[in-house]
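The values are calculated or read from the model by the stated rules, or taken from the named source; none is laboratory data. Just so it is clear, the structure is predicted and the values come from calculations on it, not from any experiment. Cβ atoms come from the backbone with ideal geometry, glycine included; neighbour counts cover every protein chain shown. SASA here: full protein model, heavy atoms, side chains in, ligands and nucleic acids out. Shrake-Rupley method; radii C 1.70, N 1.55, O 1.52, S 1.80 Å.
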There are 4 protein chains.
Amino acid sequence: MLKKLVSEGIITDPSSAKGRLIQAAARLFRDKGYERTTVRDLAAEVGILSGSLFHHFKNKERILRAVMEEAILLNTETMRAALAQALTPEDKVLALIKCELASILGDTGAAMTVLVFEWRSLNEDSQQHILGLRDIYETLWMDALKEAKEANLVVIDPFILRRLLTGALSWTVNWYEQDGKMDLDELARNALSLAVKSS
Amino acid sequence: MLKKLVSEGIITDPSSAKGRLIQAAARLFRDKGYERTTVRDLAAEVGILSGSLFHHFKNKERILRAVMEEAILLNTETMRAALAQALTPEDKVLALIKCELASILGDTGAAMTVLVFEWRSLNEDSQQHILGLRDIYETLWMDALKEAKEANLVVIDPFILRRLLTGALSWTVNWYEQDGKMDLDELARNALSLAVKSS
Amino acid sequence: MLKKLVSEGIITDPSSAKGRLIQAAARLFRDKGYERTTVRDLAAEVGILSGSLFHHFKNKERILRAVMEEAILLNTETMRAALAQALTPEDKVLALIKCELASILGDTGAAMTVLVFEWRSLNEDSQQHILGLRDIYETLWMDALKEAKEANLVVIDPFILRRLLTGALSWTVNWYEQDGKMDLDELARNALSLAVKSS
Amino acid sequence: MLKKLVSEGIITDPSSAKGRLIQAAARLFRDKGYERTTVRDLAAEVGILSGSLFHHFKNKERILRAVMEEAILLNTETMRAALAQALTPEDKVLALIKCELASILGDTGAAMTVLVFEWRSLNEDSQQHILGLRDIYETLWMDALKEAKEANLVVIDPFILRRLLTGALSWTVNWYEQDGKMDLDELARNALSLAVKSS
DNA sequence: GATGAATGAGCGTTCATTCAT
DNA sequence: AATGAATGAACGCTCATTCAT
C-alpha cells in the first residue's frame with residue numbers, strides 16, 4: 001500500500017531525506033509539541049543543519065502540514081482496502097474501527113496524534129487543505145455507519161455516533177499499551193460493542 | 001457550589017484580579033495554545049502590565065497549573081453533589097455523563113480543553129500534583145461504573161469503558177454546538193446509550 | 001569609639017533598623033555583589049518588605065553609599081586614636097598597617113571590601129563624596145610615611161609606597177584566614193617589613 | 001607569542017569576530033562591570049546584533065570566562081618566555097614583576113582587571129576551570145620566590161610575599177598612569193625593592 | 001543540496017521604585 | 001513606618017528564517 005502510494009507520488013518515500021524528516025517530525029511534534037520542537041531539533045534528527053531544512057520545506061508549518069497530510073492519505077487508502085474485504089455492515093464498522101485504531105496506535109500513530117493535538121498550529125490555508133482530505137476519509141465512515149443504522153444495528157444518529165467514536169478511538173493513544181494484556185483486535189471489539197447492538 | 005469553594009479558599013474568587021487572570025488564561029490557552037499565548041497577552045486581557053503577573057504567579061507555568069487545578073476541583077465537587085441526588089446505578093452514570101459534558105461544554109469548558117491539550121506544558125511536579133486531583137475525580141467515575149457492571153448494565157470492563165467514554169466526551173468540545181438542535185440532556189442520553197444496556 | 005560617633009550623629013546606631021540595614025547590606029553586597037543583591041534581599045535580611053526600604057533611603061545606591069561612608073568615618077577615627085598612641089615613625093606606620101588590616105579583616109571587613117569592589121556602582125556625586133572622606137583618611141597615612149621617609153626608614157617615594165601598600169593590604173581579604181596559624185599582628189609585621197628598613 | 005598561541009588554537013584570533021568580541025567584552029566588563037554590561041552593549045561594540053552573540057558563546061557567562069581564560073593563557077606563556085631569559089634569582093623576580101605589571105597595565109589590562117573584579121560572576125564550573133589555569137601561573141611565581149628565599153634575598157615566607165605582591169601589583173591599575181613621569185621599568189624596580197633585599 | 005553566521009522580533013522574567021492604604 | 005500590588009523598562013536568551021559561499 002505504502003509502496004504503491006509512494007510510486008504514485010502521493011506519499012514521500014520514507015527512506016528519502018524528506019521522508020525521514022516527515023517521520024522524525026511526527027515523532028518530535030508528538031513528544032514535545034510543535035511549538036517546543038525547534039527546526040534545529042528536526043534537522044539534527046536527520047543529520048543535517050537547520051538552514052538546510054528550508055530546501056525541503058518553505059517553512060516549519062509546511063512540515064507540520066506534510067505530517068498530517070501524508071498520514072490521512074495513507075490511512076484513507078488503507079481503510080478503502082479494508083472495506084473492500086468486509087461483507088456485512090457490522091464487518092465494515094469493525095474494519096473501520098480496526099483501521100482507525102491501527103492508524104492511531106501503529107506506525108502512523110505519531111502523525112495521528114499530531115493531527116489531533118497540533119491542529120491549531122496550522123495556518124488557515126493548511127487547515128482547509130487538511131479538512132478537504134479529512135472529508136474523504138470521513139465519508140467512508142459515514143457510509144458504513146448509515147448502512148449499519150438502516151440494518152438496525154445502530155440506535156442513535158450516525159453523525160452523533162461517529163463523533164462519539166472519533167473521540168473514544170483517538171483517546172486510546174493516551175492509555176492503550178501495545179504490549180499489555182489486551183490486543184488490538186479485542187480493543188476493537190470492545191469499541192464495536194459500544195457502537196452496535198451485535199447480532 | 002462555586003461560592004462555597006471560594007469561601008473555603010479552595011478556588012480563587014473569579015472577581016478578583018487573580019481569578020480573572022485564571023479565567024482569561026483558560027480562554028487564551030484554549031484558543032491560541034499555551035506556547036502561543038504570551039504573558040503580555042494574558043496581562044492585557046485583565047488590564048495589567050506583564051510584570052504584574054508575577055505578583056500573582058511565580059511563572060507562566062503556574063498559571064497553567066492553576067487553570068487546571070481549579071477546574072478539576074470545581075468539577076469534582078459538582079460531581080459529588082450530583083451523585084448524591086442519583087438513586088439507581090444508571091442514574092449515577094447518567095449524572096456523571098451530564099456533569100462531565102457540562103464541565104466540557106459549559107463555563108469550565110476552556111479550562112477542561114486546556115487540561116487535555118496542554119498537559120505536556122506542565123512541569124513534572126505540576127503533572128504529579130494535577131494527577132493526584134485527577135485520581136479523586138476518576139474514583140467517583142470508577143465506583144459508579146463498577147456498580148453498573150455488577151447490575152449487568154455494562155458488558156465490558158469498566159476500566160476500558162471509562163477510557164472510551166473519556167475520549168468520546170472530551171471530543172464533544174470539537175463538534176457540539178451549544179445552540180444547535182440537540183440539547184445537552186439529549187447528548188448525554190446518546191452517550192449513555194453507548195455505555196449501558198438501558199432498562 | 002563607635003558609641004561616641006553614634007552619639008555625635010556621625011554613624012548610624014547599629015541596633016536601629018537603619019543601622020542593621022547598613023550592616024546587612026555590607027554583608028550582602030560583599031557576598032553577592034551590589035548588582036546581584038536585590039532590595040528584597042536587603043529588606044528580608046532586616047525583616048521588612050521591600051517598599052519600606054525607601055522610607056530609610058531614597059534609593060538603592062544610597063544604601064551602598066552609606067555602607068562605604070560609615071566604614072571610612074569609623075576607620076578614620078580609629079586610626080587617629082591609634083596614631084595618638086604611637087611614638088616613633090616606625091610605630092606609626094605599624095599602627096596604620098594594623099588599623100587598616102583590622103578594618104579589612106575585622107568587623108568592618110564587609111564594608112571595606114564593598115568599598116573596593118563596588119566603587120563603580122556609585123554615581124558620580126557619591127564617588128566625589130566618598131573621595132572627600134577618603135582624602136582625610138589618606139592624609140593620615142601620607143603624613144606618617146613622609147615622616148618615615150625623612151627618618152630614612154623608607155627608600156622609595158612615599159606616594160608610590162602608599163599605593164603599593166594599599167593594594168597589598170586590601171588584597172588580604174582574598175586570602176588571609178582569621179583563624180589560621182598567623183595572627184593579625186604577625187601579618188602586620190610582615191607587611192611592615194616590605195615597607196620599611198627596620199632598625 | 002600571541003601569533004603562536006593563535007595558530008595553536010589556544011587563543012582566539014583577535015581579528016576574528018569572536019576574538020574582537022572577547023576584547024570588547026574585556027573592556028566593557030572592566031569599565032561598566034559584568035552585570036551592568038548588556039549583551040546588546042557587547043554586540044553593538046563589534047557591530048552585530050544581540051542574537052548573533054549566541055552563535056559564538058552559549059551564554060553571557062561564557063564570554064566572561066573566555067576573557068579570563070585567554071588572558072591567563074597568554075600571560076602564562078609570556079612569563080615563561082621571560083623567565084627563560086632571566087639568569088639570577090633576582091632577575092627572575094624582576095622579570096615576573098615586569099610581566100605582571102605589563103599584563104595589568106598593557107594590552108591585557110582590561111582582562112586582568114576583570115579577572116580580579118568579576119570573579120563572583122563566574123559559575124562554579126568556570127571558577128574551577130580558571131582556578132586550574134591560575135595554578136599553573138602561580139607555580140611559576142612560587143618557584144622563583146622560593147629560589148630567592150633560598151638565596152636569602154627574601155626575608156618573609158614566600159607564600160605571604162606572593163600574596164602581598166599580588167595585591168600591590170593588581171592595585172596599580174587604580175593609580176598608575178601609563179604616560180606619567182614614571183615608566184613601567186621604574187615601577188617594577190620600586191615593587192622589587194619591597195620584595196627583595198637587593199644586592 | 002548543504003552550510004552556518006547573521007538576523008531581529010519577540011519571549012519569559014526581574015527588579016528598583018511608586019503610592020494608595 | 002510599613003504594606004504590597006502595580007509599574008514599565010530592561011534584561012538574557014531563543015529561534016524561524018535568510019543568504020553568501
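Could you pull out the trypsin sites (Lys or Arg not before Pro) across region C:1-58 that fall in loop regions by DSSP (anything but H, G, I, E, B) with no more than 10 other Cβ atoms inside 10 Å? Taking region C:1-58 and a limit of 10 other Cβ atoms within 10 Å, the loop trypsin sites (Lys or Arg not before Pro) found are C:Lys58. Using a cut-off of 27 Å between Cα atoms, the listed pairs A:Lys98/B:Lys149; B:Lys58/D:Lys60; C:Lys58/C:Lys98 include C:Lys58/C:Lys98 as exceeding that distance. Across region D:27-41, coupling constants 3J(HN,Hα) worked out from phi with the 6.51/-1.76/1.60 Karplus curve, θ = phi - 60°, read 5, 5, 4, 5, 6, 10, x, 4, 5, 7, 8, 8, 5, 5, 4 Hz, and Gly and Pro carry x.
Of the residues C:Val114, C:Val46, C:Val93, the one that moves most in a GNM of chain C with alpha-carbon contacts below 10 Å is C:Val46. Semi-axes of the equivalent ellipsoid of region C:1-128 are 29, 16, 12 Å, computed as sqrt(5λ) over the eigenvalues of the C-alpha gyration tensor in descending order. Setting aside same-chain residues fewer than 8 positions from A:Lys3, which aspartates and glutamates have a Cα under 16 Å from its Cα? Excluding near neighbours in sequence, the set is A:Asp13, A:Glu70, A:Glu77, A:Asp107. Expressed as a whole percent, the accessible surface of region A:2-195 that belongs to carbon and sulfur atoms is 51, based on a 1.4 Å probe.
In nanometers and ordered shortest first, the copy-to-copy spacing of the D:Lys197 label point, defined 7 Å from Cα toward Cβ, is 1.1, 11.2, 11.7. Loop-located GluC sites (Glu not before Pro) in region B:130-199 (DSSP state not H, G, I, E or B) with no more than 12 neighbouring Cβ atoms inside 10 Å: B:Glu177.
Relative contact order, percent, of region A:69-199 when contacts are C-alpha pairs under 8 Å separated by at least 6 residues? Provide the component values of the computation, followed by the final result.
Numbers: 101 pairs, mean separation 45.7, N = 131.
Rounded, it is 35 percent for region A:69-199.
Of all the options B:Ser126, B:Ser103, B:Ser16, the one that moves most in a Gaussian network model of chain B with Cα springs shorter than 10 angstrom is B:Ser16. The mean number of Cβ atoms from other chains found within 10 Å of a Cβ in peptide A:154-162 is 3, as a whole number.
Charges were assigned to the Cβ only: +1 to each Lys and Arg, -1 to each Asp and Glu. The resulting dipole of chain D about its Cα centre is roughly 360 debye.
Assign one of three labels to region C:94-138, namely rounded, prolate or oblate, based on the Cα gyration tensor with a ≥ b ≥ c the square roots of its eigenvalues; rounded applies when a/c is under 1.5, prolate when it is not and a/b is larger than b/c, and oblate otherwise.
Oblate.
Regarding region B:31-103, what is the average projected area of its C-alpha convex hull, in nm²?
6.1
For the options C:Gly33, C:Gly180, C:Gly47, a Gaussian network treatment of chain C with springs between C-alpha atoms closer than 10 Å singles out C:Gly180 as fluctuating the most. Applying the Karplus relation 6.51 cos²θ - 1.76 cosθ + 1.60 with θ = phi - 60° to region D:9-22 yields 3J(HN,Hα) values of x, 7, 10, 6, 4, x, 9, 6, 4, 4, x, 5, 5, 4 Hz, where x marks Gly and Pro. Go through D:Met182, D:Ala148, D:Gln23 and say which Cα lies farthest out towards the positive end of the charge dipole of chain D; charges sit on Cβ, +1 for Lys and Arg, -1 for Asp and Glu. Ranked along the dipole, the leading option is D:Gln23. The phi torsions of region A:112-118, fed into the Karplus equation with coefficients 6.51, -1.76 and 1.60 and a -60° offset, translate into couplings of 5, 5, 4, 4, 7, 8, 10 Hz, rounded to whole numbers, with Gly and Pro shown as x.
Would the protein assembly as shown count as rounded, prolate or oblate if I go by the C-alpha gyration tensor, calling it rounded below 1.5 in a/c and otherwise prolate when a/b exceeds b/c, oblate otherwise?
On the way: a/c = 3.89, a/b = 2.29, b/c = 1.70.
In terms of gyration-tensor shape, prolate.
On the rotation that sends chain A to chain C, the chain A Cβ lying closest to the axis gives residue and distance in whole Å as A:Arg36, 15.
Sorted from closest to farthest, the other copies place their D:Ala17 label points 2.3, 4.4, 5.4 nm away, with each point set 7 Å from Cα along Cα→Cβ. Counting from the shortest, the label point at B:Ser52, 7 Å from Cα toward Cβ, is 2.5, 3.9, 5.1 nm from the same position in each remaining copy. For region D:2-195, the solvent-accessible area works out to 47 Å² per residue, with a probe of 1.4 Å and every protein chain left in place. Assuming charge only on the beta carbon of Lys and Arg (+1) and of Asp and Glu (-1), the dipole of the protein assembly as shown about its Cα centre is about 560 debye to the nearest 20. Need the C-alpha centroid separation for region B:1-73 versus region D:111-143, integer Å. Each part's Cα centre sits 47 Å from the other's. For A:Ser193, project a label point 7 Å along Cα to C-beta. Then give me every residue of region B:178-199 with its amide nitrogen under 16 Å of that point. Within reach of a label on A:Ser193, which here means backbone N under 16 Å from a point 7 Å along Cα→Cβ, region B:178-199 contributes B:193-198. Taking chymotrypsin sites (Phe, Trp or Tyr not before Pro) across region C:116-186, the ones in a DSSP loop with at most 15 further Cβ atoms lying within 10 angstrom of their Cβ are C:Trp175.
Building the convex hull from the alpha-carbon atoms of region D:46-194 and averaging its projection over directions returns 10.3 nm².
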